[in-house]
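Q: Next up is a structure, given as structure tokens.
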Amino acid sequence: MENSLTEDTRIAIKRIFNSQKNNQLSIKLAPVNDRKKKLKKLKTAIKARENEIFEALRKDLRKPVFESAVFEVLFIYAEIDFAIKNLSPWTSQQTVSSNLLNLMTKCCISYEPKGVCLIIAPWNYPFQLLMSPLVSAIAAGNCCILKPSELAPATSTVLTKLIQEIFKEDEIALVEGDACVSTELLSLPFNHIFFTGSTHVGKIVMEAASKHLSSVTLELGGKSPAIIDEDVDLKKAADKITWGTFANAGQTCIAPDYVFVHEDQQEKFIDLMKANIEKKYFNKEQLNKEDYGKIISGNHFKRLKNLFDDALAKGAKVRIGGTFEESDKTVYPTVLTNVPPDSLIMQEEVFGPVLPVVTYKNISEVINYVNANNKPLALYIFSNSNKNVESILKQTSSGGACINDVMIHISNPHLSFGGINTSGMGGSHGFHGFKAFSHERSVMYQSKFIDISKIIYPPYNGKGLILKLLRKLM
Ligand code: NAD
């Protein structure tokens, strides 16, 4: 694993990029069936290395095998199968209708590969978040350089082996390394950059992309609220919020970041959360670390402790958990109340297993709060009232939303997954991912027999009648 950019890596990056540029046309011209074969090959190779992947994820994040299987690997099989099944319709030319000025023409839209693409991934789902855009990039017929996160080194090593064994570097290559390697990659004129990571680095990526006007998909972070309406089954809401907040030790981009609950229901909600946490993560009062992840790094552990300490110093109360074990980077499932809005934990994305619970008297306070802050990646509403759900949805904005559940909306490849403004731009998964790596090329074929567009050519003298007619029809 490189820790900074060496001369060898710099040379390798140039070599790979140039070889992909030279190879891109042949990849583009290859039959669509070749893309399906590559996706099948990828799935077979992942299957053969499943245990290695699980072990690596355990090493990097103490990820339970069940979570690795469902969120990291099976998720990718589903993406691959969906792409293979739909690739023929996605890649076929779509004919659109004509209007008066282009009557008798044939108008089509084709999805063409963008060319040579860059995919940069974070560490929290280090396998899935590199592989999912790769599936879309292959489906769309691109060459691609992948840069996994340096903070998940064991997974990065398995990913390197996997990619090297099935692809030639002039088509798909992986370059390991940290921000310096990313910076070197970002200096190149990629046709598309697909970045998943923090909002802060997203801005750096977009700035670098602007030098070459490379298009970007930015899958970023933010604070995703869960709003609990008064008339709801609190037990169900607590069950789902517990799962969403503490899976992967809270290190999930769409984890509920904080919860709004009616002031009369806070105590009942806390009791239900406590019972749920005990049932899911404790065994005879001992935290069951087998089923509970660790914090990725010492720096992130310190960052979380700092958010926690700052909240407490400003008046927050620890209602559940609050134990930080530095030796194995474990933060116990933690729930806070009385968290002031100016505390860091209410200003920054938590990205860990510490959940602030905020009370409201009237739902309009919740809407005002959400709208006064950056647009979240996800918004969760627990309510039995369709009217209330629609009213909250209408008055707020977020990347995606999920009603009476959390996070599970990511599992449907028919739904576009992505953020808005600070939580990201562009969509991924299924057709939306394929589209991100494709250029929507419009082509008009003029009629060889009747060319009606000539009616608007000069000289204009004597064309008053034509203008009158056009005004009537357009
Ligand atoms: P990060 O932005 O620190 O790093 C992401 C990637 O960018 C890594 O590969 C890293 O090496 C690289 N990088 C870091 N600094 C860089 C720089 N200065 N220039 C260029 N590249 C640089 O993010 P992270 O800590 O790995 O991941 C956590 C963040 O990612 C959270 O904010 C989370 O919400 C977000 N995230 C978003 C999604 C999504 O789908 N929207 C999914 C997972 C994580």
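The values are calculated or read from the model by the stated rules, or taken from the named source; none is laboratory data. Every value quoted in this text rests on a predicted model; they were computed, and no experiment measured them. Quick reminder, even Gly has a Cβ in these numbers, built from the backbone with ideal geometry, and neighbours come from all protein chains shown. With ligands, DNA and RNA removed, areas are computed over all heavy atoms of the protein, side chains included. Shrake-Rupley method; radii C 1.70, N 1.55, O 1.52, S 1.80 Å.
Q: Could you run through the stretch 187-211 and say how many residues are more than 15 Å from the ligand (Cβ to nearest atom) and open to solvent by 30 Å² or more (accessible area, probe 1.4 Å)?
A: Result for the stretch 187-211: 2.
Q: What is the residue count in the stretch 351-406 for residues that are among the hydrophobic types (A, V, I, L, M, F, W, C), assigned to a strand (DSSP E or B) and closer than 26 Å to Asn306 by Cβ? Break it down stepwise before answering.
A: Here is the first cut: in the stretch 351-406, the residues among the hydrophobic types (A, V, I, L, M, F, W, C) are 351, 354-355, 357-358, 363, 366-367, 370, 372, 377-379, 381-382, 389, 392-393, 401-403, 406.
Of the ones still in play, those that are also assigned to a strand (DSSP E or B) are 354-355, 357-358, 378-379, 381-382, 401-403.
From the residues that got through so far, the ones that are closer than 26 Å to Asn306 by Cβ too are 354-355, 357-358, 378.
So the answer is 5.
Q: I would also like to ask the following. For the stretch 107-149: of the residues being among the small types (Gly, Ala, Ser) and near the ligand (Cβ under 10 Å from one of its atoms), which is surrounded by the fewest Cβ atoms within 10 Å (Cβ to Cβ)?
A: In this case the residue turns out to be Ser149.
Q: Just checking, which of Lys361, Lys314, Lys302, Lys394 is within 28 Å of Gly427 (Cα to Cα) and either out of contact with any helix residue (DSSP H, G or I) (no Cβ under 6 Å at 6 or more places or on another chain) or touching a residue at least 60 places away in the same chain (Cβ under 8 Å) (or both)? I'd like the intermediate steps shown before the answer.
A: Working: Lys361 fails: within 28 Å of Gly427 (Cα to Cα); Lys314 fails: within 28 Å of Gly427 (Cα to Cα); Lys302 fails: within 28 Å of Gly427 (Cα to Cα).
When all the criteria are applied, what remains is Lys394.
Q: OK, next. Quick check on my filter: what residues within the stretch 349-362 are surrounded by 16 or more Cβ atoms within 10 Å (Cβ to Cβ) and out of contact with any Asp or Glu (no Cβ under 9 Å at 6 or more places or on another chain)?
A: Gly352, Pro353, Val354, Val357, Val358
Q: List the pairs whose first member sits in the stretch 192-204 and is over 14 Å from Leu377 (Cα atoms), whose second member is open to solvent by 30 Å² or more (accessible area, probe 1.4 Å) and within 7 Å of the ligand (Cβ to nearest atom), and whose Cβ atoms are under 8 Å apart, counting only residues at least 6 apart or on separate chains?
A: Phe195/Val201; Val201/Ala179
Q: Name every residue in the stretch 363-389 that is among the aromatic types (Phe, Trp, Tyr) and either open to solvent by 40 Å² or more (accessible area, probe 1.4 Å) or not assigned by TED's automatic domain parsing to the domain that holds Phe351 (or both), in order of residue number.
A: Restricting attention to the stretch 363-389, the residues satisfying the condition of being among the aromatic types (Phe, Trp, Tyr) are 369, 380, 382.
The one that is among the aromatic types (Phe, Trp, Tyr) and either open to solvent by 40 Å² or more (accessible area, probe 1.4 Å) or not assigned by TED's automatic domain parsing to the domain that holds Phe351 (or both): Tyr369.
Q: Still on this model: If I ask for residues that are open to solvent by less than 10 Å² (accessible area, probe 1.4 Å) and more than 15 Å from the ligand (Cβ to nearest atom), which ones from the stretch 390-434 would you list?
A: Ile392, Phe434
Q: Return the residues of the stretch 150-182 that are near the ligand (Cβ under 10 Å from one of its atoms) and not in a loop (DSSP other than H, G, I, E, B); say none if nothing qualifies.
A: Result: Ser156, Ala179, Cys180, Val181, Ser182.
Q: Collect the residues in the stretch 46-93 that are open to solvent by less than 10 Å² (accessible area, probe 1.4 Å), of a type outside the set (Asp, Glu) and either assigned to a helix (DSSP H, G or I) or at positive phi (or both), keeping them in residue-number order.
A: Ile46, Ile53, Ala56, Leu57, Leu61, Ser68, Val73, Ile76, Ile80, Ala83, Leu87
Q: Moving to a separate point now. Among the candidates Lys280, Lys284, Lys274, Lys240, single out the residue that is in contact with a strand residue (DSSP E or B) (Cβ under 6 Å, 6 or more places away or on another chain), surrounded by fewer than 23 Cβ atoms within 10 Å (Cβ to Cβ) and not assigned by TED's automatic domain parsing to the domain that holds Pro122.
A: Lys274
Q: Return only the number of the condition from (1) surrounded by fewer than 18 Cβ atoms within 10 Å (Cβ to Cβ); (2) in contact (Cβ under 8 Å) with a residue 12 or more places away in the chain that Lys223 does not satisfy.
A: (1)
Q: Scan Glu184, Glu230 and give me the residue that is open to solvent by 10 Å² or more (accessible area, probe 1.4 Å), out of contact with any Phe, Trp or Tyr (no Cβ under 8 Å at 6 or more places or on another chain), not aromatic (Phe, Trp, Tyr) and not assigned by TED's automatic domain parsing to the domain that holds Leu151. Break it down stepwise before answering.
A: Numbers: Glu184 fails: not assigned by TED's automatic domain parsing to the domain that holds Leu151.
Exactly one of Glu184, Glu230 is open to solvent by 10 Å² or more (accessible area, probe 1.4 Å), out of contact with any Phe, Trp or Tyr (no Cβ under 8 Å at 6 or more places or on another chain), not aromatic (Phe, Trp, Tyr) and not assigned by TED's automatic domain parsing to the domain that holds Leu151, namely Glu230.
Q: Taking the stated definitions as given, is Ser428 within 30 Å of Ala69 (Cα to Cα) and among the polar types (S, T, N, Q)?
A: yes
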